[in-house]
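The values are calculated or read from the model by the stated rules, or taken from the named source; none is laboratory data. Just so it is clear, the model here is predicted, and its values are computed rather than measured. All Cβ positions, even for glycine, are placed from backbone atoms using ideal geometry, and neighbour counts span all protein chains on display.
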């Protein structure tokens, strides 16, 4: 925009040295209307019209620049890519790193092509691999907007990039003769640090996880409790230099108040783990490949800032995928 404006000013300066005479070609108008071709002559006076011409040129440049910028935004919005198509496990494995990079596919759980709209795996002992949990919704239980309204789960805005999916989880998976299932989580990428923002602007960090999960029940609804580790470790130092296993015992500027009750939670760091609960449901399975997909809902506590804050309940909903192998 600045370059265009400079060019316009330079052009006006050159034009100010002489009178500009512009001749327009005769207009072709049918004689049936009673009009005859005329020749128009426009003259720009150096002293009277130079200022007006400059202002008009500047305004024209501004309007043109705004139009171009608006057009660029419209085009970019029209070409913006949405959520990528969900791929099967084989399709994901066939893609190269550059084909996956920046598309969002790496944060998605695979889908199943074909199969049955139910849990059709025969009874037996299996080992679940490639267990994946992809959240699609984060809500936080907090006070309502009105003064006397009850606490409820409110929608949030995700502040974390597309790095919140749990993947490569594995563990024994057993299908009993009565149709019940049991899954024990053993290993994998089973935690992810996530931060969401409430409508009022408050940010809520938490550790999305299913560590040490033992889920039992019917395929339509099976679940259990899991361990939620501390969002930060004992060696983390707060802005005052206080930590759980290292750092100062209390704030350096307030040594005499080190034993005050109001500062006890800030001084005595707590890295104890808490519990969460998850419920999973199978929506589709493929007996030939052993693939299973479904939906889940998890409720777990948020970060406590090493015991200094009261945790909030975080509800996480999404889809899951697993491969059952003998």
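For the structure I just gave you, tell me whether residue 239 is in contact with a strand residue (DSSP E or B) (Cβ under 7 Å, 6 or more places away or on another chain) and part of a loop (DSSP other than H, G, I, E, B).
Considered against the rule, which asks whether it is in contact with a strand residue (DSSP E or B) (Cβ under 7 Å, 6 or more places away or on another chain) and part of a loop (DSSP other than H, G, I, E, B), residue 239 comes out as no.
The criterion of at least 2 residues that are surrounded by 15 or more Cβ atoms within 10 Å (Cβ to Cβ) and assigned by TED's automatic domain parsing to the domain that holds residue 292 is met by the following strands (runs of 3 or more DSSP E) wholly inside segment 130-219: 152-155, 166-175, 181-184, 191-197, 203-209, 214-218. Within the option set 300, 317, 323, being under 30 Å from residue 126 (Cβ atoms), in contact with a strand residue (DSSP E or B) (Cβ under 8 Å, 6 or more places away or on another chain) and surrounded by fewer than 18 Cβ atoms within 10 Å (Cβ to Cβ) holds for one residue only, 317.
Would you check if residue 244 is assigned by TED's automatic domain parsing to the domain that holds residue 160, outside any strand (DSSP E or B) and either over 20 Å from the mean Cα position of the chain (by Cα) or closer than 20 Å to residue 138 by Cα (or both)? No: the conditions fail for residue 244. Residue-level check: of (1) surrounded by fewer than 16 Cβ atoms within 10 Å (Cβ to Cβ); (2) free of Cβ contacts under 8 Å to residues at least 60 places away in the same chain; (3) more than 19 Å from residue 311 (Cβ to Cβ), residue 225 misses just (3). Take the conditions (1) surrounded by fewer than 17 Cβ atoms within 10 Å (Cβ to Cβ); (2) assigned by TED's automatic domain parsing to the domain that holds residue 192; residue 286 misses just one of them, which is (1). Set side by side, the residues 307, 290 differ, and just one is out of contact with any strand residue (DSSP E or B) (no Cβ under 9 Å at 6 or more places or on another chain) and on the phi > 0 side of the Ramachandran plot, which is 307. Remark: pairs (first residue in segment 83-94, in a strand (DSSP E or B); second residue loosely packed, with under 15 Cβ neighbours inside 10 Å and modelled with pLDDT under 95; Cβ separation under 7 Å; 6+ apart in sequence or on different chains) = 88/113. From the list 262, 266, the lone residue that is in contact with a strand residue (DSSP E or B) (Cβ under 9 Å, 6 or more places away or on another chain) and in a helix (DSSP H, G or I) is 266.
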